[in-house]
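The block underneath contains the structure these notes are about, expressed in C-alpha cells.
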Amino acid sequence: MSMSSVNGSTSAYDAYFGFSQKQSAASDSPDRATLNSFSTQKTVTAINTSTGAAETQTLRATPLAVAWAPQMFVQGDKNNDDSLSLDEFQAQLSRAGVGADDAKQLFSSFDTSNDGQVSLTEFVTGVSKSISSGSQVFNDLLDSYTRDADGNLDQAKADNFLSTGLSLAETFWKNLG
C-alpha cells in the first residue's frame, strides 16, 4: 500500500487518526489559500450504487508527504530552533538516499528567504513542489520514518513519528479545516 496520497474531503491527518483536528490558538499557520495550494483537486465521475446514475464529484487530494511534512520537519530539526540548517537538511535527506550535493541543491531551492535556514513554511512548500514535480524523495523520506526494513507499515514507528510533531502540525494546518 502506498502512503503517497489520500483522496476525499478530509485531510490526510483526519484519515489517519479518524478525528477532526483541534484548532490552535497560534497564529503561524499560512492562510487558507496557501494551504489549499498544497493539494490538488480532481473531478471524477462515479456511479451512485443506489440509483445507478453517473455523478460528477470533485475530490481534493493532499499527498501524505505534504500533509505530514511538519512531522518530517520536527524530525530534522535536531537543535529545536524551528528551522533546518543545511547540515540538518542533508542529514535528514540522507535517510532517503539523497547525496550531500543533491541535498545542498534542494536546500537552496527550499530556502526562498535566502537566510541559510529552511523554515517550516519553506519546508512544506518545498516538499509540495517536489512532489508536484514527480520526485519521490519525500515519499521515501516519509517511508523511512513509518516503514520497517521490509517496506511494511510499522504502526508503532508511524504513531511515534506522527505524535512527535503533532503540536506543530496542528498549528500549521489549523486554517485548512
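The values are calculated or read from the model by the stated rules, or taken from the named source; none is laboratory data. Everything numeric in this text was worked out from a predicted model, so none of it was measured. FYI the Cβ positions are ideal-geometry reconstructions off the backbone, even for glycines, and counts take in every protein chain you see.
Pull up segment 55-99, narrow it to residues that are of a type in the set (D, E, K, R) and closer than 30 Å to Val44 by Cβ, then point me to the one that is surrounded by the fewest Cβ atoms within 10 Å (Cβ to Cβ).
Restricting attention to segment 55-99, the residues satisfying the condition of being of a type in the set (D, E, K, R) are 55, 60, 77-78, 81-82, 87-88, 95.
Among the residues that remain, those that are also closer than 30 Å to Val44 by Cβ are: 55, 60.
Values: Glu55: 10, Arg60: 15.
Filtering segment 55-99 for residues that are of a type in the set (D, E, K, R) and closer than 30 Å to Val44 by Cβ, the one surrounded by the fewest Cβ atoms within 10 Å (Cβ to Cβ) comes out as Glu55.
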Among the residues of segment 45-104, write down those that are touching a residue at least 40 places away in the same chain (Cβ under 8 Å) and among the aliphatic types (A, V, I, L, M).
Leu59, Ala61, Leu64, Ala65, Val66, Ala67, Ala69, Met72, Val74, Leu93, Ala96
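Kindly establish whether Phe89 is modelled with pLDDT of 95 or more, aromatic (Phe, Trp, Tyr) and more than 15 Å from the chain's Cα centre (by Cα).
Values: modelled with pLDDT of 95 or more: yes; aromatic (Phe, Trp, Tyr): yes; more than 15 Å from the chain's Cα centre (by Cα): yes.
Taking the combined requirement at face value, the residue satisfies it.
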Selection from segment 43-84 of residues assigned to a strand (DSSP E or B) and touching a Phe, Trp or Tyr at 6+ places or on another chain (Cβ under 7 Å) yields Thr62, Leu84
Of the conditions (1) within 16 Å of Leu64 (Cα to Cα); (2) free of Cβ contacts under 8 Å to residues at least 24 places away in the same chain; (3) crowded, with 17+ Cβ neighbours inside 10 Å, Ser133 clears all except one; give me its number.
(3)
Given (1) surrounded by 21 or more Cβ atoms within 10 Å (Cβ to Cβ); (2) touching a residue at least 40 places away in the same chain (Cβ under 8 Å), where does Thr121 come up short, assuming only one miss?
(1)
